[in-house]
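The values are calculated or read from the model by the stated rules, or taken from the named source; none is laboratory data. If you're wondering where the values come from, they're calculated on a predicted model, not measured in any experiment. Quick reminder, even Gly has a Cβ in these numbers, built from the backbone with ideal geometry, and neighbours come from all protein chains shown.
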Amino acid sequence: MRHVLFLLGSGLLAPTATPSALPNSVLVPQPALRPALQGQEAGSAPREVMWKAPTRADWDKPCLITWQRTFDDAIAVAEATGKPILICVNMDGEIASEHYAGVRYRDPETAKLYEAYVTVIASTYRHTPRDYTPEGERIPCPRFGGVTCGEHIAIEPILYEKYFDGQRVSPRHIMVELDKSEVFDVFYAFDTKSVFDTLKKGVEGRVLKPNPYERGDRDWKERLLSRESSDRAFVEQAFEAADEPTKVDMLRTALAAGDAYSGQLMRLALLGGGPSVHLGGTATARQFAWHSMIEDPTMGSLPLMESALELDLDDTDRGSLVSALEKLGEVAPRAKQLATVQRGLLSSSVSPEMAERVSVAQSTDLEAVLEENQAVKDALEARAKEWQAGHEGDGSVELRTAESFLARALDADPRAKQTKLLFEDARTLAAKALAMGQDGWLAHGILAQCEFRYGTLAESEAHVQRAVDTMPTHAMGRVAVETLRLFARSKRRAIRDAMALDATWAPDMLAQAQAAYGVLEHHPLCLEQDCITQVDFLGRIGAYPQAAAVLERGLVRFPDSAELHLRLRNRILATRGATGPGGLEETYAALLAAPEATPNLTWFAGYASLLAAEYHRRAGEIDAAFAAYGRSIEFFETNQAALPGNGVTCQHFVAIAQAAMARMSMERGEWARAHDLMLQAMQTAPESMATVDGLGFTGVMTATTLIARLSENDAPGLSEDLKTALEALSAVTRQRPAFEGTGPSGREPR
């Protein structure tokens, strides 16, 4: 399996000075895609020579292969033309895949060969953070062109199921006939010639139908019902340029033909007017699209309805949208769940009682809460003696003693045997107090905590509900806070379980979870993890604006939280993109300018600039990428100077940036600059040269390719210098990544 450092808002290591001390990222496993290792068999040239790395001039050329957007589209085009389908599989960073994507797919001679097929591209890697602009316009993948990243990612599991024979390898070419049968499957090929010879042979003597797509003078009416990708693009451009009556006419025609034709036009119509809407009437394309969607929701419109939920709708229009989701929910479980979520959010208005709880939580003094909790813990010995002396009465002594046991248990090491005994004693005494008549919130709150630790969740949740139902608004001590935390958890769990089973659940459960967290987040004992959990829960159920609001407040309270910054980056990428207005760097510039900015913020700003640089690279904006990498290095160096404890992580990402700049310089043919930057990277953080960056390259991979390029371009001194530095790295560092491992020796093309 290939594991890559997928830089979509994540990283490898967090600054050590963050209060959470949590890792800032994970190594995200991609599907088990591995290279076909073409040109690596015995007797062949080294792969760095065989598979020329694309230069900057290569990447700057447009991709010339016409990819279909979906496999269903490809089938329709194949049936209309008589052409077979060619499935192309590609992966980031792998040397032969890079050659195909950066050189061959941009070469006119190669493109001519591919024209004999209806082509689709499958790749599990994302090269743009978003598939659509806020106005609904498509964002083509900069690596492959034509399709969005979402499309070449979504098609991969479909093709895997049908044609990959349980193996994910790349690069790969599979020919599929009109009856959907497989003709050939080429991987582990020795070179491009063997692949291209197979492609030529696959269509020899083939008789094609008259091509319905060749006439260039067709207008939108003739193209609208076509599933061919260039026709789709033509219609979408015509739609954006048309006047309102023509747009309405185009929408009406597309809707009559079905979801396969209307989807993108509906998206452009509905989202093209900005976030604030009032959708009365049907005169404009936006109003027509809205009313068409509301009156006759279909499965195909669900993604669009999800996007519409984030528009600035008035209460009437939002209510209409939720009603449409409920109607669609009769056949689409996801729509049903979204409608229930929206009903829960709409009913989440703060009650007078809850407003009072929030007010009390805001005015609660942390020191007072901690002193009270310590007093309860310190009183255990005296209360235990009183209890053991055989005190009899109304159960109040047992209850207070149970509270002391619980207070000590909550602050003890959860792995220690003594902690389990403390919970056990608290549970026994609280149950006894309850039997003696102490049927108040405190007894139920204590029992809820104990049952939760024992894993008896049903009993815990029953006690939690009783405790919250009777808890006075002024109760803000440790047991009250832990009870509210469990209450919010129980409601979230019930909602998640119901959604996983596509089961019906009451919208009021969401309102209750929101209310409990609303109190908790204002309390001085609120934890960073409380905020993280709430953000993740709201995002999982599709309440994205609410999740963003919780995240924003959480970062004010926990400004050095690596996990919250991870979610902030993901949110920015999903809604505004990596670069440009409101993007990563602009967001962090604003955070750094705030008077309450913490010293660690320069670390997060450095990582944001690193991410932005990688997206600039994917888009071919190389000068912008150099500048962003430079800012990233400056931020990390500033952070290391202020917080030396962050030195290891700062040096790691500085080295990653230097290696990336070396690769960009190599692609431009700037040999001396590439050599110097690569040496700097290896000196800055030698062990980091084994780390895969966001574009799929390690420093070792870049250095190895650069050595070959330097030798070819009459720079033997630089080549030997770099080779010496590379050989000085540890053997572990110099190992190829897992996805560059050795394949079957001598494997013949299939």
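So, restricting to helices (runs of 4 or more DSSP H) that lie completely within the range 90-192, which ones have at least 1 residues that are more than 30 Å from Thr702 (Cβ to Cβ)?
108-114, 149-163
Count, please, the residues in the range 188-198 that happen to be crowded, with 18+ Cβ neighbours inside 10 Å and either modelled with pLDDT under 85 or outside the structural domain of His173 (by TED's automatic domain parsing) (or both).
Selection size over the range 188-198: 4.
Is it true that Thr128 is assigned by TED's automatic domain parsing to the domain that holds Arg56, at pLDDT 95 or above and closer than 22 Å to Glu236 by Cα?
No: the conditions fail for Thr128.
State all residues of the range 73-104 that are acidic (Asp, Glu) and modelled with pLDDT of 95 or more; if no residue qualifies, say none.
Our first condition is that a residue be acidic (Asp, Glu); within the range 73-104, this holds for 73, 79, 92, 94, 98.
Correct list: Asp73 only.
Residues of the range 130-155 being surrounded by 22 or more Cβ atoms within 10 Å (Cβ to Cβ) and within 20 Å of the chain's Cα centre (by Cα), which ones?
Scanning the range 130-155 gives Cys141, Arg143, Val147, Cys149, Glu151, His152, Ile155.
Please give the number of the condition Met476 fails out of (1) in contact (Cβ under 8 Å) with a residue 40 or more places away in the chain; (2) assigned to a helix (DSSP H, G or I).
Going through the list (1) in contact (Cβ under 8 Å) with a residue 40 or more places away in the chain; (2) assigned to a helix (DSSP H, G or I), Met476 breaks only (2).
Do you know which of the residues in the range 507-547 that are surrounded by 20 or more Cβ atoms within 10 Å (Cβ to Cβ) and of a type in the set (Gly, Ala, Ser) is modelled with the highest pLDDT?
Within the range 507-547, the match that is modelled with the highest pLDDT is Ala547.
Considering only residues of the range 187-201 that are over 18 Å from Pro108 (Cβ atoms) and of a type in the set (A, V, I, L, M, F, W, C), which is farthest from the chain's Cα centre (by Cα)?
Phe190
Among the candidates Leu564, Leu601, Leu555, which residue alone is of a type in the set (A, V, I, L, M), crowded, with 23+ Cβ neighbours inside 10 Å and modelled with pLDDT of 95 or more?
Details: Leu601 fails: crowded, with 23+ Cβ neighbours inside 10 Å; Leu555 fails: crowded, with 23+ Cβ neighbours inside 10 Å.
Residue meeting the stated conditions: Leu564.
When the residues of the range 202-211 are narrowed to those that are surrounded by 12 or more Cβ atoms within 10 Å (Cβ to Cβ) and more than 40 Å from the chain's Cα centre (by Cα), which ends up nearest to Tyr163 (Cα to Cα)? Steps first, please.
First pass over the range 202-211, keeping only residues surrounded by 12 or more Cβ atoms within 10 Å (Cβ to Cβ): 202-203, 211.
In the following step, the residues that additionally are more than 40 Å from the chain's Cα centre (by Cα) were identified as 203, 211.
Details: Val203: 19, Asn211: 27 Å.
Within the range 202-211, the match that is nearest to Tyr163 (Cα to Cα) is Val203.
Rundown of residues vs (1) of a type outside the set (A, V, I, L, M, F, W, C); (2) in contact with a Phe, Trp or Tyr (Cβ under 7 Å, 6 or more places away or on another chain); (3) in a helix (DSSP H, G or I), yes/no style:
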site: Glu563; (1), (2), (3): yes, no, yes
site: Leu566; (1), (2), (3): no, no, yes
site: Glu596; (1), (2), (3): yes, no, no
site: Gly606; (1), (2), (3): yes, yes, yes
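Being in contact (Cβ under 8 Å) with a residue 12 or more places away in the chain, assigned to a helix (DSSP H, G or I) and crowded, with 21+ Cβ neighbours inside 10 Å: is that true of Leu591 here?
Working: in contact (Cβ under 8 Å) with a residue 12 or more places away in the chain: yes; assigned to a helix (DSSP H, G or I): yes; crowded, with 21+ Cβ neighbours inside 10 Å: no.
When the stated conditions are applied, Leu591 does not pass them.
Go through (1) in the same structural domain as Asp469 (by TED's automatic domain parsing); (2) of a type in the set (A, V, I, L, M, F, W, C); (3) touching a residue at least 60 places away in the same chain (Cβ under 8 Å) for Leu338 and report which single condition fails.
Single failed check for Leu338: (1).
From the list Glu403, Glu398, exactly one residue is at pLDDT 85 or above, in contact with a Phe, Trp or Tyr (Cβ under 7 Å, 6 or more places away or on another chain), assigned by TED's automatic domain parsing to the domain that holds Val481 and acidic (Asp, Glu). Which is it?
Checking each option against the conditions leaves just Glu398.
Pick out the one residue from Ser460, Ser490 that is at pLDDT 90 or above and in contact with a Lys or Arg (Cβ under 9 Å, 6 or more places away or on another chain).
Ser460
Test Thr316 against the stated conditions and say whether it is assigned to a helix (DSSP H, G or I) and loosely packed, with under 15 Cβ neighbours inside 10 Å.
Numbers: assigned to a helix (DSSP H, G or I): yes; loosely packed, with under 15 Cβ neighbours inside 10 Å: yes.
For Thr316, the condition - assigned to a helix (DSSP H, G or I) and loosely packed, with under 15 Cβ neighbours inside 10 Å - is met.
Against the condition among the basic types (Lys, Arg) and over 30 Å from Leu268 (Cα atoms), how does Arg206 come out, does it pass?
It is true that Arg206 is among the basic types (Lys, Arg) and over 30 Å from Leu268 (Cα atoms).
Quick one: Asp714 ticks every box in (1) closer than 20 Å to Thr55 by Cβ; (2) in contact with a Ser or Thr (Cβ under 8 Å, 6 or more places away or on another chain); (3) surrounded by fewer than 22 Cβ atoms within 10 Å (Cβ to Cβ); (4) not hydrophobic (A, V, I, L, M, F, W, C) bar one, so which box is it?
If we test Asp714 against (1) closer than 20 Å to Thr55 by Cβ; (2) in contact with a Ser or Thr (Cβ under 8 Å, 6 or more places away or on another chain); (3) surrounded by fewer than 22 Cβ atoms within 10 Å (Cβ to Cβ); (4) not hydrophobic (A, V, I, L, M, F, W, C), just (2) comes out false.
Among (1) more than 29 Å from the chain's Cα centre (by Cα); (2) at pLDDT 95 or above, where does Ala662 come up short?
In the conditions (1) more than 29 Å from the chain's Cα centre (by Cα); (2) at pLDDT 95 or above, Ala662 misses (1) alone.
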